[in-house]
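Okay, so here's the structure we're looking at.
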Amino acid sequence: MKLFKKGFALVMALVITCSVFTVMPLTTNAATNNQTSVSATSVKSGKCGKSSKWKFKDGVLTIYGKGTATKDKIPYEVTDNTKELIIKDGITKIDEFSSCEKLKKVTIGKGITTLPYYMFSSCSYLNQVKLPNTLKKISESAFSSCESLKTVNIPDSVTYIGQETFNFCSNLRSVKLSKNLTYIGSYAFNNCKNLTKISIPEKVKNIVGNPFENCRKITSFTVNKKNRYYTTVNGVLFNKSKKRLIAYTTGKKNTSYTVPKSVNIIETNAFMGSGYIKTIKMSNSVQKIKDSAFAECERLSKINLSQNLNYVGFDILYNTKYFKSYENRQANGLYNGNVLINVANWEAKNFTVKKGTKIICSGAFSSARNLKKVTIPEGVKYINGKAFCRCELLKQVTVPKSVKVIGNYAFGYYYDFDYDDPNEFEYMTKTKNFKMKVYKNSAGYKYAKKNKFTYQIIKW
């Protein structure tokens, strides 16, 4: 019995010892990990450049000194917990602080001349920004998706606002633009759905596309009377000669609009997102309608396109009543007058363009990935760029002699493209074994030669 007790005691001792050795390392590791985390967040200051430093206290990150400050030299535990960012005078260059989810307030001192790409992109709680009068350039997407930002005062030193700068700032209500501003990039204020008005300063000379698309509450644009490049008519934004319609007031409750006879070009996204407009009338003076010009005008059901068009961009009527109506679809295509806007049957293997068609739009067949054969009748004059892009199975095409212009990448190229990619052409590749039947010295002939496609000459 004594021997049994001694044996039992020995076994229990071993069990306890093993338990200690099993538990202790886990406890030690946990403590170590905890210490690492605490140690990192307890750091209060450090260097972030050759002559720049940072300090962190009570959620406030202050960057000071001279020259360049590098964000990567600041512990991420600090930047992730920053509620207020102060950049002192003397700092001349700074990295982006995108996706700082706790950041609410920013003050930038004198010295910074450029806000880099994505500077405060996706800082969803950022609601206060103070910019210096040394700032000249606000780069692409600097404040994109800053959903809590309501007002912005852009200092008069700024001359450049880049592409998508305030893209999806859904609560932005008021913007004061710099009086020395010269450039506004495309999509700069895209989807700023609470923005009600915009005043274009005197020196603005380059507005790319319509930077204000899907701003569904804008009721008027105003332009400084001294501006030599832009003007307004009933609140609608035009270039000075009124030949380019740039931006419609999508917040207006008017249900119809007549494009002035002076207009030759309707710009990219010009009417995009107008929630009230049902009818659009235009004269035959219009020659070009650029990408998505009337897209997302959900109530738009009646539109007469100019009979003198030579260019029609991608998706001009996407997500409109006109686009969705089966009444506007003929011979498996969506037509408007002499314009083929889009192939209606995306699964089609064979397609015959309707007689009387004058123009085939950009991307008209971009969804017809099963297309193997297309018949283009005499009378077609314009085949716009990327009209048959993505038609990888289309190995041969006959181009009628009536065609005057064939846009870039219209035939013989394949690309599964992203419309938001500014470098989409880099990914274009030629369709294997693509051939063309063309008339000598015609537009088809010149296109085949330029793109080095195999071709066969048709006798006149």
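The values are calculated or read from the model by the stated rules, or taken from the named source; none is laboratory data. These numbers come from a predicted model, not from an experiment. Glycine also receives a Cβ, built like all others from the backbone with ideal geometry; neighbour counts cover every protein chain displayed.
What the table shows:
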read-out: Filtered residues of segment 132-149 (kept if crowded, with 20+ Cβ neighbours inside 10 Å and not β-branched (Val, Ile, Thr)); value: 135, 140, 141, 142, 143, 144, 145, 146, 149
read-out: Failed item in (1) of a type outside the set (A, V, I, L, M); (2) crowded, with 19+ Cβ neighbours inside 10 Å; (3) assigned to a loop (DSSP other than H, G, I, E, B), with residue 253 passing the rest; value: (2)
read-out: Positions within segment 49-74 being closer than 11 Å to residue 87 by Cα and of a type in the set (Gly, Ala, Ser), in sequence order; value: 52, 65, 69
read-out: Of all residues making up segment 134-160, the number that are over 15 Å from residue 97 (Cβ atoms) and not in a loop (DSSP other than H, G, I, E, B); value: 5
read-out: Residue within segment 189-199 that is part of a loop (DSSP other than H, G, I, E, B), at pLDDT 95 or above and farther than 27 Å from residue 276 by Cβ present; value: no
read-out: Within segment 202-230, considering residues that are crowded, with 18+ Cβ neighbours inside 10 Å and more than 17 Å from residue 269 (Cβ to Cβ), the one farthest from the chain's Cα centre (by Cα); value: 223
read-out: Leading residue by the ranking (farthest from residue 195 (Cα to Cα)) among those in segment 231-250 that are among the hydroxyl-bearing types (Ser, Thr, Tyr) and outside any loop (DSSP other than H, G, I, E, B); value: 231
read-out: Boolean, residue 406 is over 28 Å from residue 281 (Cβ atoms) and under 31 Å from the mean Cα position of the chain (by Cα); value: yes
read-out: Residue ID - nearest to residue 438 (Cα to Cα), chosen from residues in segment 376-400 that are surrounded by fewer than 16 Cβ atoms within 10 Å (Cβ to Cβ) and of a type in the set (D, E, K, R); value: 378
read-out: Residue identified as among the aliphatic types (A, V, I, L, M) and more than 21 Å from residue 336 (Cα to Cα) among 223, 259, 263; value: 223
read-out: Test: residue in segment 372-386 that is among the hydrophobic types (A, V, I, L, M, F, W, C) and either at pLDDT below 95 or over 20 Å from residue 448 (Cα atoms) (or both); value: no
read-out: Evaluation of residue 124 against (1) among the polar types (S, T, N, Q); (2) under 25 Å from the mean Cα position of the chain (by Cα); (3) within 18 Å of residue 56 (Cα to Cα) (one fails), failing number; value: (3)
